[in-house]
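Report on the structure given below.
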Amino acid sequence: MLLENRLAFITGGGRGIGRAIALAFAAEGASIVVAARTRAEIDKVASEVVNQFGVESLAVECDVANAESVLSAFSDLKEKFGRGPDIVVNNAGIAETALFVNTDEALWECHLNINLGGTFRCTHAGLPEMIERGWGRIINIASIAGKTGAPYVSAYAASKHGVLGLTRSLALEVAAQGITVNAICPGYVETEMTSRGIENIVEKTGKSADEALKMLERMSPQNRLVTPEEVAALAVLLASEDGRGINGQAINVDGGTVLF
Ligand code: NAP
């Protein structure tokens with residue numbers, strides 16, 4: 001197993017991509033800490049990994065936009081496991097759409113504070129012990145919107161571009177200390193976030209849900225959405241010893257939509 005004796009802290013682990021990463025890491029033997037705001041969802045995933053793979057798990061309520069909440073989640077996990085995580089997956093995120101002229105302070109602030117600030121806070125909480133141990137993995141779930149722009153998503157794209165800047169700079173700082181820092185950049189993934197996007201297109205354009213889905217599918221040369229499991233498979237490689245040479249990268253999982 002690729003992740004035996006590893007402890008992974010996964011933000012936004014209650015559903016979608018984060019849940020798929022929790023299951024994939026547990027299948028490789030890692031103990032799992034699932035962190036998000038919705039208690040019922042994180043409890044469910046924490047039970048799933050125990051029941052399916054017999055690993056240890058903990059569900060911690062955590063709002064990554066709030067520094068105290070992140071510190072309290074780390075204190076809870078240290079109490080249970082006696083140490084900090086070997087792997088931090090910064091996956092928690094939100095995506096709202098708006099024309100730039102309608103993007104107010106609140107919309108801007110929540111994207112920067114959750115998507116980018118959350119990545120900063122959880123990395124900051126987990127990194128010192130990784131440095132002490134001389135081994136660690138930071139995996140940031142960014143987006144192809146971290147590499148390109150698109151109409152209606154200026155706040156989201158700015159936050160994800162920020163995640164890539166953080167990833168690349170930190171990767172160089174800790175490269176000689178047994179730690180890698182990488183980002184995964186998915187295209188449209190089959191999750192609730194994309195379902196909400198489809199509802200939004202239906203509401204704003206009058207297209208049917210099927211037409212809206214087909215429109216998103218056509219953005220990929222493979223003419224399909226990515227599955228959460230495909231993103232999780234790359235996260236397993238990055239978290240493993242086999243992935244130790246991959247550092248400071250922003251790897252697309254998008255069927256070839258973005259070619260850089
Ligand atoms: P999702 O199904 O909406 O799940 C988002 C997760 O993030 C939930 O567990 C949510 O839980 C958590 N979260 C949101 N705000 C949080 C906060 N303040 N504190 C803690 N947890 C928070 O979305 P997804 O598609 O799995 O997306 C996961 C990541 O992939 C995001 O960073 C997203 O930007 C990125 N991504 C998604 C797509 C896509 O097409 N779906 C494409 C590219 C990148 P609570 O609400 O319970 O806190």
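The values are calculated or read from the model by the stated rules, or taken from the named source; none is laboratory data. Note that the coordinates shown come from a computational prediction; the quantities given were computed from them, not determined experimentally. In this analysis, Cβ positions are derived from the backbone assuming ideal geometry, glycine residues included, and neighbour counts consider all displayed protein chains. In case anyone asks, the SASA skips ligands and DNA or RNA and just uses the protein heavy atoms, side chains included. Shrake-Rupley method; radii C 1.70, N 1.55, O 1.52, S 1.80 Å.
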Subject >> Members of region 19-43 that are touching a Cys at 6+ places or on another chain (Cβ under 8 Å) and outside any loop (DSSP other than H, G, I, E, B) >> reply: A35, A36
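If you take just the helices (runs of 4 or more DSSP H) that sit entirely in region 59-153, which of them hold at least 3 residues that are surrounded by fewer than 20 Cβ atoms within 10 Å (Cβ to Cβ) and touching an Asp or Glu at 6+ places or on another chain (Cβ under 9 Å)?
Numbers: elements: 67-81, 105-111, 117-133.
Once the helices (runs of 4 or more DSSP H) in region 59-153 are filtered for at least 3 residues that are surrounded by fewer than 20 Cβ atoms within 10 Å (Cβ to Cβ) and touching an Asp or Glu at 6+ places or on another chain (Cβ under 9 Å), what remains is 67-81.
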Original post:
Which condition number in (1) within 11 Å of the ligand (Cβ to nearest atom); (2) closer than 16 Å to T191 by Cβ is the one that L23 fails?
Top reply: (1)
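Assess whether E28 counts as being among the acidic types (D, E), more than 13 Å from the ligand (Cβ to nearest atom) and within 24 Å of A175 (Cα to Cα).
Details: among the acidic types (D, E): yes; more than 13 Å from the ligand (Cβ to nearest atom): yes; within 24 Å of A175 (Cα to Cα): no.
No: the conditions fail for E28.
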Original post:
How many residues does region 110-149 hold that are acidic (D, E) and within 12 Å of the ligand (Cβ to nearest atom)?
Top reply: 0
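So, L172, is that one more than 10 Å from the ligand (Cβ to nearest atom), in contact with an Asp or Glu (Cβ under 9 Å, 6 or more places away or on another chain), among the hydrophobic types (A, V, I, L, M, F, W, C) and modelled with pLDDT of 95 or more or not? Quick ask: steps written out before the conclusion?
Working: more than 10 Å from the ligand (Cβ to nearest atom): yes; in contact with an Asp or Glu (Cβ under 9 Å, 6 or more places away or on another chain): no; among the hydrophobic types (A, V, I, L, M, F, W, C): yes; modelled with pLDDT of 95 or more: yes.
Considered against the rule, which asks whether it is more than 10 Å from the ligand (Cβ to nearest atom), in contact with an Asp or Glu (Cβ under 9 Å, 6 or more places away or on another chain), among the hydrophobic types (A, V, I, L, M, F, W, C) and modelled with pLDDT of 95 or more, L172 comes out as no.
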Subject >> Residue, surrounded by the most Cβ atoms within 10 Å (Cβ to Cβ), within region 235-254, restricted to residues that are touching a Leu at 6+ places or on another chain (Cβ under 8 Å) and of a type in the set (G, A, S) >> reply: A239
Original post:
From the list V55, V70, V45, which residue is within 14 Å of the ligand (Cβ to nearest atom), in contact with a Gly (Cβ under 9 Å, 6 or more places away or on another chain) and either farther than 24 Å from E109 by Cα or among the charged types (D, E, K, R) (or both)?
Top reply: V45
**OP:** Being of a type in the set (D, E), surrounded by 12 or more Cβ atoms within 10 Å (Cβ to Cβ) and within 12 Å of the ligand (Cβ to nearest atom) is the filter here, so list the residues in region 191-226 that pass it.
**Re:** E217
Original post:
When region 1-23 is examined, which residues are found to be closer than 16 Å to R137 by Cβ and either free of Cβ contacts under 8 Å to residues at least 12 places away in the same chain or open to solvent by less than 30 Å² (accessible area, probe 1.4 Å) (or both)?
Top reply: L3, L7, A8, F9, I10, T11, G13, G18, I21, A22
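Listed here are the residues, each with its yes/no results for (1) touching a helix residue (DSSP H, G or I) at 6+ places or on another chain (Cβ under 7 Å); (2) in the same structural domain as K147 (by TED's automatic domain parsing); (3) of a type in the set (V, I, T).
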{"position": "A209", "(1), (2), (3)": "yes, no, no"}
{"position": "E217", "(1), (2), (3)": "no, no, no"}
{"position": "L234", "(1), (2), (3)": "no, yes, no"}
{"position": "Q249", "(1), (2), (3)": "no, no, no"}
{"position": "V253", "(1), (2), (3)": "yes, no, yes"}
{"position": "F260", "(1), (2), (3)": "no, no, no"}
Original post:
Listed residues Y156, Y188; which is within 20 Å of R121 (Cα to Cα), within 8 Å of the ligand (Cβ to nearest atom), out of contact with any Pro (no Cβ under 9 Å at 6 or more places or on another chain) and of a type in the set (S, T, Y)?
Top reply: Y156
Original post:
Does region 44-58 hold any residues that are outside any helix (DSSP H, G or I) and charged (D, E, K, R), and which are they?
Top reply: E56
